[in-house]
Amino acid sequence: MRTRSSVLTAGLVLALTAGPAAVPAFASPGPAAAAPAAARTAGPDEAALRAALTGLPDDAATSALVRVGGTGGAWHGSAGVRDRAGGRPADPDARFRAGSTTKVVTAAVVLRLAARGKVDLDAPVRRYLPGLLTRDFRPVTVRQLLNHTSGIRPGDGPGDSFEEQYAHRFEALTPRQVVASAVAKGPEFRPGRRQHYLNVNYTILGLLIEKVTGRTYAAEAARLVLRPAGMRDTYFPGADPVIQGPHNRGYQAVRQPDGTARFVDVTDWNVADRWAAGDMISTTADLERLVTALFRGRIVPQPYLREMFRVPRVEGATYSAGLQRFVLDGEVYWVKSGARPGYSTAIAASRDLRRTLVYSVTSTDAKAEAANPVAERIVAAALR
């Protein structure tokens, strides 16, 4: 029988790895009991972290990169291989597809613009992007895009199955096309009444950023977030399907009729349609710099930083602006995951930065709803 702690840990892994189509509510937005003082000051369990990375590569992942930090000390580790054919050790400084952790950057850009008076979080989106939403939609505010309570339905993609997506991996819809496909479906619910985590909310925020500033999303993200945080190895690839610079290759396990798995190399992929919602390429060191600078108030000033730790008061809500709230044994963690074929990424941190975690796992089924066992071991070791 699984203990309460292990069940909660598994829930946190799912919170960190679940895709936008199925994200359950893992924690109540209400206050949690404080963790014991010893737990707040203890350093990383290095033996447990090393054990979590043993056995790679395996059927679940070919490599894992981990950084654990906080007031009690730091631990960095890696395991596995750069590619299945050559067998060279995984590069601990490798770049990878960071997926939806991009939303943390996008939210920070919008909040910085709000702090400078260029965006009103309570203003309707149509003030900045007239004509984008049809008359079928009640007014949707910028804040409702940030916290996924807009009621806008998901945009179209290249297909539902891996086979369909892989066949079109070098193609991508433009952000405008993605939004138009979502708007054509009409509203899912009245704005502010529910929370439904979807990429389209942050795609629209990317369009808003460009309209307000007159510059590209990538340029504004670099100017307002990446450079201030010291993220030197992070970039936005656009339509380029190749990960520039050193990287570990990603694979998708495709089940064969005889029950065996064929591992398909999915490293090269055009993810331009994910754009401001999920096309960022980064490193574990850069994502650690991001969460540290952000939580210390060096990127988004108060009172706007509070939006990143404010969950809307609707039933089952766990998402704030760019992050998700999760409670593990009385400790509140703010997390964000990212998953693209071949790559699973996550950041997690307590508000006071007592403990931080960043990992990138080259998962062989990154978009699966079930928790990756390697990621589950990492989370259990890092946040125990």
Exercise. Return the ratio Rg/(2.2 N^0.38 Å) for the range 54-209, where Rg is computed over Cα atoms only.
Key: 1.34
Quiz item: GNM, the chain, Cα, under 10 Å: largest mean-square fluctuation among D352, D258, D58?
Solution: D258
Quiz item: Using a Gaussian network for the chain with springs between C-alpha atoms less than 10 Å apart, which of these wobbles most: K336, K185, K103?
Solution: K185
Quiz item: By how many nm would the segment from R176 to D59 lengthen if fully extended, with 0.36 nm per residue of separation less the alpha-carbon distance?
Solution: 38.3 nm
Quiz prompt | Compactness of the range 117-233 - radius of gyration and Dmax, Cα, Å | solution = 15.5, 46
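Just the Kirkwood number for the range 4-382, please: inverse of mean 1/r across all distinct Cα pairs, in Å, one decimal.
By the Kirkwood definition, the hydrodynamic radius is 20.8 Å.
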Exercise. Based on other C-beta atoms within 10 Å, arrange L129, L198 from fewest to most.
Key: L129, L198
Quiz item: Mind ordering 364-375, 242-253 by average Cβ neighbours within 10 Å, highest first?
Solution: 364-375, 242-253
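What is the sum of charges around I243, taking Lys and Arg as +1, Asp and Glu as -1, for the other residues whose C-beta is under 15 Å from the C-beta of I243?
-2
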Exercise. Return the single residue from A85, A64, A348 with maximal mean-square fluctuation; model: Gaussian network over the chain, springs between Cα atoms under 10 Å.
Key: A85
Quiz item: Cross-link list K103/K211; K211/K336; K118/K336: which exceed 22 angstrom alpha carbon to alpha carbon?
Solution: K211/K336; K118/K336
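Every number here is computed from the coordinates shown, using simple stated rules; none is lab data. Just so you know, these numbers come straight off a predicted model, no measurement behind them. Because the Cβ atoms are built from the backbone with ideal geometry, glycine has one as well, and the counts that use them run over all protein chains shown.
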